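In what follows, a structure is listed as structure tokens, so that the remarks can point back to it.
The values are calculated or read from the model by the stated rules, or taken from the named source; none is laboratory data. Values in this document were obtained by computation on a predicted structure and should not be read as measured data. Cβ: placed from backbone, ideal geometry, glycine included. Neighbour counts: every protein chain shown. Heavy atoms of the whole protein, side chains included, go into the accessibility calculation; ligands, DNA and RNA do not. Shrake-Rupley method; radii C 1.70, N 1.55, O 1.52, S 1.80 Å.
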Amino acid sequence: MARVLISMPERFLDEIDNVAAGENRSRSELIREALRTYMHKNRVRNTVLANENAEKLAALLD
């Protein structure tokens, strides 16, 4: 597995560690899940926007 070095404020890292500890999992696991969730939401949003644009275009062409 590849490693990535990121920078963030110490306070934010403390919050991440608290959430991870409360859920009994590692910091890395929590961050991976957060990124998967973000990417999924981004794909859904882009699909919705593409569908809305296609509908607008279809309406203009009618």
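Leaving out ligands and nucleic acids, note down the accessible area per residue over the chain with a 1.4 angstrom probe, in whole Å².
On a per-residue basis, the chain sits at 94 Å².
Which loop trypsin sites (Lys or Arg not before Pro) in the chain, with loop taken from DSSP, have no more than 14 other Cβ atoms within 10 angstrom of their Cβ?
In loop regions of the chain (DSSP not H, G, I, E or B), the sparsely surrounded trypsin sites (Lys or Arg not before Pro) are Arg3, Arg25.
Give the angle, between 0 and 90 degrees and rounded to the nearest 10, that separates the Cα long axis of helix 27-61 from the longest principal axis of the Cα atoms of the chain.
10 degrees
So what's the stretch 1-46 giving for Rg/Rh, alpha carbon basis, Kirkwood Rh from the mean inverse pair distance?
Dividing the radius of gyration by the Kirkwood radius yields 1.03.
Over the stretch 14-57, with every protein chain in place, what whole percent of the accessible area is carbon and sulfur at 1.4 Å, could you tell me?
54 percent
Helix 10-22: angle to the longest alpha-carbon principal axis of the chain, degrees 0 to 90, nearest 10?
Value to nearest ten degrees: 90.
So between Leu60 and Ser28, what do we pick up on full extension, going 0.36 nm a residue minus the alpha carbon distance?
Net length gain for the segment: 6.7 nm.
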